[in-house]
Amino acid sequence: MPDLQLLDIAQFCNRFPNIDLSYEVLDSDNVRAGEDITIQVTLERDLESKTELGPVDAPRYPKAKEEGWWLVVGDTKTNLLLAIKRVSLQWKLKAKLEFAAPADAGKNSYALYFMCDSYLGCDQEYGFTVDVKEADGGDEYYGRD
């Protein structure tokens with residue numbers, strides 16, 4: 001392989017994003033049917049002493065292309081999209097996604113996806129379960145004597 005091609009490969013590999021994702025379902029022990037579920041996601045890019053990001057290495061794209069990132073929550077059993085958020089990631093980012101808990105109590109499995117519109121092979125998928133409890137009936141007083 002010619003040196004110029006090896007240089008192109010090395011340049012691309014050095015630009016390929018290495019991003020660590022962690023998440024937490026907030027107040028997961030107290031999720032009630034019909035209420036909102038909130039997920040806090042933390043993203044951190046491993047830059048290995050790089051100081052700036054710059055555009056995507058895409059020599060055949062007609063203009064400079066910036067990375068586009070998406071956080072998505074879905075129910076894989078029903079193929080429902082529950083939450084989606086476009087995020088702009090430089091080095092570190094915290095984001096929250098909210099979606100409605102189902103109306104019925106029980107354990108529900110979901111998937112959190114982290115997706116890129118610029119690089120093939122760097123998407124991430126995480127499965128998580130939420131135990132939804134019965135809706136809180138409340139202690140309302142209806143004016144009975």
Working with all protein chains in place, sort Ser88, Ser28 by solvent-accessible area computed with a 1.4 Å probe, largest first.
Ser88, Ser28
With each label point set 7 Å from Cα along the Cα-Cβ vector, what nm distance links Asp46 and Asn18?
0.4
Relative to the chain, whose Cα atoms define the longest principal axis, helix 3-15 and its Cα axis are tilted in degrees, nearest 10, by 20
Distance (nanometres) between label positions extended 7 Å along Cα→Cβ at Ala111 and Trp91
3.4
Among (i) -0.32, -0.54, -1.20; (ii) -0.41, -0.63, -1.19; (iii) -0.28, -0.49, -1.20, which one is log10 I(q)/I(0) by the Debye sum over Cα atoms at q = 0.09, 0.12, 0.20 Å⁻¹ computed from these coordinates?
(ii)
Under 19 Å from the Cα of Lys65 - aspartates and glutamates, other chains or at least 8 residues apart:
Asp8, Glu52, Asp57, Asp117, Asp123
Treating only the Cβ of Lys, Arg, Asp and Glu as charged (+1, +1, -1, -1), what charge dipole size does segment 1-132 show about its Cα centre? Round to the nearest 20 debye.
360
Under the 0.36 nm per residue contour assumption, what length would be gained going from the current alpha-carbon distance of Glu66 and Leu80 to full extension?
2.2 nm
Projected onto the charge dipole of segment 1-130 (+1 at Lys/Arg Cβ, -1 at Asp/Glu Cβ, origin at the Cα centre), which of Pro55, Gly121, Ala105 gives the Cα projection farthest towards the positive end?
Pro55
Calculate, for Asp27 and Leu7, the FRET efficiency according to 1/(1 + (r/R0)^6) with r their C-beta to C-beta distance and R0 30 Å; round to the nearest 0.05.
0.05
Working out 0.36 nm times the residue gap between Leu120 and Asp36, then minus their Cα-Cα distance, what length gain in nm do you get to one decimal?
27.0 nm
Per residue, how many Å² of accessible area does the chain show with a 1.4 Å probe?
69
Which of Pro2, Pro17, Asn30, positive extreme of dipole for the chain (C-beta unit charges)
Pro2
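The values are calculated or read from the model by the stated rules, or taken from the named source; none is laboratory data. Keep in mind that this is a model prediction, so the values were computed, not measured. Cβ sites come from the backbone with ideal geometry, for glycine too, and all protein chains shown count toward neighbours. Note: areas computed on protein heavy atoms with side chains; ligands, DNA, RNA excluded. Shrake-Rupley method; radii C 1.70, N 1.55, O 1.52, S 1.80 Å.
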